[in-house]
Protein chains: 2
Amino acid sequence: MPIPDTDDTIVAQATPPGAGALAIVRLSGPRAFAAAAALLGPAAAAPRHRQARLLAVRDGDRLVDRAVAVFHRGPASYTGEDTVEICCHGSPFVVRTILNLAVRAGARPAGPGEFTLRAFLNGKLDLAQAEAVGALIEAGSAAAHRAAITQVEGGVSSEVRAIKADLVELLAELEARLDDSYGEVPALELKGFSGRAAAARARALRLASGFEAGRGIKEGLRVVITGAPNSGKSSLLNALLGYDRALVSGEAGTTRDTLEAELEIDGFKVLFTDTAGLNARPSSALEREGIRRAAAALRRADAVILVRDGSIKGSPSDRRALAEAGAAGAARVIRALNKADLPARRRPGPGELKVSARTGEGLGRLRALLVADQRKVFRDGSQAVVTSARHFAALSEAAGQLAALPAVLRGPRPRAELAAEHLRAALSALASLLGETAPEEVLAEVFSSFCVGK
Amino acid sequence: MPIPDTDDTIVAQATPPGAGALAIVRLSGPRAFAAAAALLGPAAAAPRHRQARLLAVRDGDRLVDRAVAVFHRGPASYTGEDTVEICCHGSPFVVRTILNLAVRAGARPAGPGEFTLRAFLNGKLDLAQAEAVGALIEAGSAAAHRAAITQVEGGVSSEVRAIKADLVELLAELEARLDDSYGEVPALELKGFSGRAAAARARALRLASGFEAGRGIKEGLRVVITGAPNSGKSSLLNALLGYDRALVSGEAGTTRDTLEAELEIDGFKVLFTDTAGLNARPSSALEREGIRRAAAALRRADAVILVRDGSIKGSPSDRRALAEAGAAGAARVIRALNKADLPARRRPGPGELKVSARTGEGLGRLRALLVADQRKVFRDGSQAVVTSARHFAALSEAAGQLAALPAVLRGPRPRAELAAEHLRAALSALASLLGETAPEEVLAEVFSSFCVGK
């Protein structure tokens with residue numbers, strides 16, 4: 001997919017579809033002011049920057065609406081181009097008419113993300129910042145919002161730029177020696193050089209390491225509640241949510257299918273999945289299907305709450321649940337000994353939390369444990385969190401290239417040329433993260449996920 | 001329902017809900033600038049009128065978003081009060097956060113239509129104009145939009161004001177005589193007086209007479225297609241729509257239930273209902289139910305297309321359809337002799353159109369006939385169309401009061417005091433239309449139908 005023409009003037013509705021008090025139609029490009037003048041009156045020959053004017057929208061001699069138009073002169077606009085935001089009545093008919101008038105005046109309907117693409121191409125945002133604009137709009141929790149706004153503001157980018165700057169310095173030192181046919185430059189101080197490369201690698205890895213937590217922050221943390229039948233999983237879900245989402249009864253096997261519910265804990269979005277109990281001896285095809293679905297949910301989990309009933313002795317089903325939870329590969333398994341309000345028949349294992357869905361005992365600690373990794377990411381300094389798989393891949397690639405350096409530089413004949421290759425590859429990965437070298441396919445993919453109008 | 005407090009500063013999202021590139025949060029009231037300053041930085045102590053500024057939205061020391069805020073100084077704003085429009089990223093989370101920050105800074109969430117209510121209370125719009133703002137947002141066709149924007153611009157109001165001015169003059173002449181205890185004022189020239197009252201009444205009636213067409217313009221014209229079974233009603237519907245909406249077959253009774261489809265003809269919205277054929281001898285309970293539904297649709301129709309099959313002789317079902325179409329009370333019945341492409345077995349009746357769903361013959365004239373009344377409303381001068389039942393009632397009441405004048409003024413002892421009463425009642429009806437004397441209940445009802453944010 002080629003990048004759309006940037007010489008055109010583009011137009012789109014910037015606000016969500018549907019009826020409302022107000023809507024915004026946005027024009028951007030070299031002919032934005034001229035197109036606006038064609039449909040807005042009285043015409044402003046040379047509107048002042050960031051001037052808001054109450055104007056009439058006209059279709060020939062017919063009044064369409066009265067609208068407040070704000071004129072932004074490039075490059076001091078979102079896209080970097082001349083931009084007009086027409087704030088009209090939120091009538092789908094009026095919006096459609098204005099879009100048609102703008103097209104008749106020479107503008108072209110914008111494609112998805114095309115305004116932000118132009119902002120990127122005009123150097124208003126780097127690619128990592130531009131991607132975060134989409135994440136900012138979709139942010140559904142305080143934490144997702146915080147990660148997105150930090151990235152829009154350049155939090156991730158500035159960290160990546162700092163790593164790049166270190167690598168550029170290292171590369172320059174290597175290249176000075178490679179070009180030094182007269183032997184004028186002193187030999188490389190290998191130990192210091194390797195140490196600095198290792199530090200840059202650690203920095204890239206540290207940024208990349210936030211990705212698992214960051215993905216949970218952006219998309220919501222997937223927590224699966226599992227355990228033996230009748231261990232009180234659904235009651236625990238209801239207690240965590242604070243309302244009766246799941247049907248509960250004293251009978252084992254009440255929950256047959258997986259069941260989902262969403263909760264915000266300390267600003268982090270958590271997506272709970274309650275599952276059928278993992279019966280070691282399922283008695284019906286229906287129960288086996290429920291267990292199959294529970295196992296599938298476990299494989300997609302970021303965290304697992306493994307529930308045991310503390311008021312009875314252990315069972316084969318408890319052991320099955322422990323085995324399946326461990327095998328699922330979730331980043332963390334939190335063990336909960338439930339029904340702490342009843343007389344205890346077993347003791348909590350190491351790290352196992354005593355909880356009671358009935359009295360609420362231990363639920364605060366359980367909630368805190370669930371988002372501990374996410375909170376840690378925000379506590380660690382810069383707040384910049386990698387939430388994009390593309391960025392994680394680029395940082396991992398850079399770290400991988402830097403990991404090859406020690407072997408290349410070791411021994412009596414350090415291969416400086418090869419080391420320089422690795423440094424260049426690492427730099428290239430980081431440059432692509434920022435969009436400095438991103439090919440058209442990457443840009444097309446990044447911006448096609450945006451909504452039209454952004 | 002009392003009118004909400006107007007000393008408060010109110011806040012609401014003005015754009016439709018959901019995610020988009022941009023959204024607008026609007027503040028209005030005496031503390032609008034102060035509340036905006038509390039959440040936007042760097043603070044603008046005294047923002048200039050209609051100035052757009054790129055500012056940071058802050059929650060304490062945390063950045064929420066960067067937004068363009070437009071400051072409107074009252075009374076030169078929509079509401080007549082100080083108003084701030086904050087144009088932020090179209091993220092539901094960001095919008096929610098800004099609303100919360102505004103409330104924390106002293107604003108109150110606005111009720112439905114409260115911005116427009118303030119515009120009305122501050123004299124920026126009269127009540128008829130204010131009501132049309134809602135119609136403008138909801139306008140789904142070019143004609144509905146045209147009627148609404150004309151009313152927002154004061155088209156209806158200025159006509160009502162002109163009638164009022166005439167009545168005020170007449171009332172003054174009457175009152176001068178009533179107050180004239182010394183016999184100084186010459187006697188009323190009764191013929192001229194009555195003529196001017198009749199002219200004012202005719203003007204009110206003419207404005208009111210557009211209501212039926214106006215309601216069709218605003219809500220869409222309800223057109224029911226009826227006729228004997230197998231007369232080609234569904235084929236005619238498909239031909240009018242230009243696509244196969246209805247299932248058709250050569251078999252009588254293919255259409256069993258009513259079926260709706262929407263079409264815009266010359267900018268007017270038309271809502272077609274295809275119905276089961278009116279069989280004079282229905283053969284099943286299912287067919288009888290279909291006919292019952294067809295009859296119910298006919299009773300709600302603004303216009304009826306009565307279809308006959310021109311390729312066969314008349315039947316009892318044709319006569320039943322004619323009788324039911326006539327009895328339904330629709331404003332107009334358009335008769336169509338269908339299947340004009342086949343050899344004719346009967347001639348069109350007076351005013352009956354020859355049409356062919358297959359070849360398209362006569363369909364252009366049929367479409368034009370459907371919206372003829374609506375077009376006439378727009379051709380007649382001012383374009384002001386009454387689309388509101390409240391306005392129709394007020395105009396009818398005024399005309400009714402004026403109709404009583406001739407009897408009161410006739411004969412040897414004209415009852416001037418009673419005539420003045422009728423004039424005052426007519427004036428009061430027109431004043432309530434404009435909102436000059438509308439009680440709180442009327443205002444509450446008018447504005448409660450608005451969306452929040454308008």
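Each reported figure results from applying straightforward, stated rules to the coordinates on display, with no laboratory input. Given the structure is predicted, the values throughout are model-derived calculations rather than measurements. We place every Cβ from the backbone using ideal geometry, glycine too, and count neighbours over all the protein chains shown.
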Worksheet, complete the sentence: Here FRET efficiency (C-beta to C-beta, B:Ser428 to B:Ala327, R₀ 41 Å, nearest 0.05) is 0.60
Discussion item. With the cut-off at 26 Å, tell me which of the pairs A:Lys124/A:Lys218; A:Lys339/A:Lys376; B:Lys313/B:Lys376 have Cα atoms farther apart than that.
Written reply: A:Lys339/A:Lys376; B:Lys313/B:Lys376
Worksheet item: Taking +1 at the Cβ of each Lys and Arg and -1 at the Cβ of each Asp and Glu, which of A:Val452, A:Val156, A:Ser231 sits farthest along the dipole of chain A towards its positive end, judged by Cα position relative to the Cα centre?
Response: A:Ser231
Discussion item. For peptide A:135-148, what's the mean number of Cβ atoms from other chains within 10 Å of each residue's Cβ?
Written reply: 4
Worksheet item: Between B:Arg358 and B:Glu175, what is the label-to-label distance in nm when each label sits 7 Å out along the Cα-to-Cβ direction?
Response: 7.2 nm
Practice prompt. Using a cut-off of 10 Å between beta-carbons, work out the net charge of the residues near A:Thr116 (Lys and Arg +1, Asp and Glu -1, A:Thr116 not included).
Written response: +1
Item to complete: Using Cα positions and a limit of under 17 Å, work out the aspartates and glutamates in reach of A:Lys269, with same-chain residues fewer than 8 apart set aside.
Response: A:Glu138, A:Glu212, A:Glu219, A:Glu260, A:Asp302, A:Asp373
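What does the structure give for B:77-89 when I average, per residue, the other chain Cβ atoms found within 10 Å of the residue Cβ?
2
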Worksheet item: Put the label 7 Å from Cα along Cα→Cβ for A:Asp7; what are its distances to the other copies, in nanometres, shortest first?
Response: 6.3
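Could you grab the relative contact order for the stretch B:217-377? Cα pairs under 8 Å, six or more apart, rounded to a whole percent.
The value is 25 percent.
Beta carbons within 10 angstrom, averaged per residue: use that to sort the peptides A:224-230, A:277-283, highest first. Provide the component values of the computation, followed by the final result.
Numbers: A:224-230: 26.4, A:277-283: 18.7.
Listed from highest to lowest mean packing, they are A:224-230, A:277-283.
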Practice prompt. Please give, to one decimal in nm, the separation of the simple spin-label points placed at A:Asp59 and A:Glu264, each 7 Å out from Cα toward the Cβ.
Written response: 4.1 nm
Practice prompt. Could you let me know the centre-to-centre spacing of the stretch B:26-85 and the stretch A:141-172, using Cα atoms, in angstrom?
Written response: 31 Å
Worksheet item: Where Lys and Arg each count +1 and Asp and Glu each count -1, what net charge lies around B:Glu159 among other residues with Cβ under 11 Å from its Cβ?
Response: +4
Fill in: Karplus 3J(HN,Hα) series, Hz, for the stretch B:334-349 with 6.51 cos²θ - 1.76 cosθ + 1.60 (x for Gly, Pro)
9, 9, 10, 9, 8, 6, 5, 6, 8, x, 6, 10, 8, 9, x, x
Worksheet item: Can you list residues whose amide H is under 5 Å from A:Ala280's amide H, if they're 5+ apart or on another chain and H is modeled 1.01 Å from N?
Response: A:Ser317
Item to complete: Only helical DSSP H runs with n ≥ 4 go in: add -39500 (n - 2.57) per run for chain B, normalise by residue count and round the 222 nm mean residue ellipticity to 500 deg cm²/dmol.
Response: -14000 deg cm²/dmol
Discussion item. How charged is the neighbourhood of B:Ile149? Take every other residue with its Cβ under 10 Å from the Cβ of B:Ile149, and add Lys/Arg as +1 and Asp/Glu as -1.
Written reply: +1
Worksheet, complete the sentence: Low-density loop GluC sites (Glu not before Pro), the stretch A:242-322, at most 12 other Cβ within 10 Å, DSSP non-H/G/I/E/B, are A:Glu251
Fill in: Qualifying trypsin sites (Lys or Arg not before Pro) for the stretch B:376-439 [loop in DSSP, other Cβ within 10 Å: at most 12]
B:Arg410
Practice prompt. Determine, from the Cβ-Cβ distance of A:Arg96 and A:Asp5 and an R0 of 22 Å, the FRET efficiency 1/(1 + (r/R0)^6), rounded to the nearest 0.05.
Written response: 0.40
Item to complete: Taking the Cα centre of the stretch A:10-126 as origin, work out the dipole magnitude from +1 charges on Lys and Arg Cβ and -1 charges on Asp and Glu Cβ, in debye rounded to 20.
Response: 180 debye
Discussion item. Could you compute Rg(Cα) / (2.2 N^0.38 Å) for the stretch A:48-189, with N its residue count?
Written reply: 1.65
Worksheet item: Using alpha carbon coordinates only, what is the Rg to Rh ratio of the protein assembly as shown, with Rh defined as the Kirkwood radius?
Response: 1.09
Worksheet item: Among A:Ala147, B:Gly74, A:Tyr78, whose Cα lies farthest out toward the positive end of the dipole of the protein assembly as shown, if unit charges sit on the beta carbon of Lys, Arg (+1) and Asp, Glu (-1)?
Response: A:Ala147
Worksheet item: What does the charge dipole of chain A about its Cα centre add up to, to the nearest 20 debye, if the Cβ of each Lys and Arg holds +1 and the Cβ of each Asp and Glu holds -1?
Response: 1760 debye
Worksheet, complete the sentence: per DSSP, antiparallel bridges as share of beta bridges in chain B, % nearest 5, sits at 65 percent
Worksheet, complete the sentence: Given Cβ charges of +1 for Lys and Arg and -1 for Asp and Glu, the option among A:Gln401, A:Ala46, A:Gly214 whose Cα lies farthest towards the positive end of the dipole of chain A is A:Gly214
Worksheet, complete the sentence: Under 19 Å by backbone N from the virtual spin label 7 Å along Cα-to-Cβ at B:Arg365, the residues of the stretch B:308-328 are B:308-312
Discussion item. Suppose we keep just the alpha-carbon trace of the stretch A:343-454; what are its Rg and Dmax in angstrom?
Written reply: 23.7, 72
Worksheet entry | Within 10 Å of each Cβ in A:289-299, the average number of Cβ atoms from other chains | 0
Worksheet item: Taking the label point 7 Å from Cα in the Cβ direction, how far apart in nm is A:Tyr182 from each other copy of itself, listed shortest first?
Response: 12.2
Worksheet, complete the sentence: P(r) of the stretch B:217-377 over all Cα-Cα pairs, 5 Å bins starting at 0, rounded to whole percent, reads 2, 10, 20, 25, 22, 14, 6, 1, 0
Practice prompt. Using DSSP, restrict attention to beta bridges with both residues in the protein assembly as shown and report what percent are antiparallel, rounded to the nearest 5.
Written response: 65 percent
Fill in: At 7 Å out from Cα toward Cβ: A:Arg206 inter-copy label distances (nm, ascending)
8.3
Worksheet item: How far apart, in nm, are the 7 Å Cα→Cβ label points at A:Lys376 and B:Arg299?
Response: 7.1 nm
Item to complete: Decide, for the stretch A:197-292, between rounded, prolate and oblate: order the square roots of the alpha carbon gyration tensor eigenvalues as a ≥ b ≥ c, take rounded if a/c falls under 1.5, and otherwise choose prolate if a/b is larger than b/c, else oblate.
Response: prolate
Worksheet item: Taking R0 as 35 Å, what's the FRET efficiency between A:Glu184 and A:Thr437 from their Cβ-Cβ distance, rounded to 0.05?
Response: 0.60
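Decide, for chain A, between rounded, prolate and oblate: order the square roots of the alpha carbon gyration tensor eigenvalues as a ≥ b ≥ c, take rounded if a/c falls under 1.5, and otherwise choose prolate if a/b is larger than b/c, else oblate.
It comes out oblate by the Cα gyration axes.
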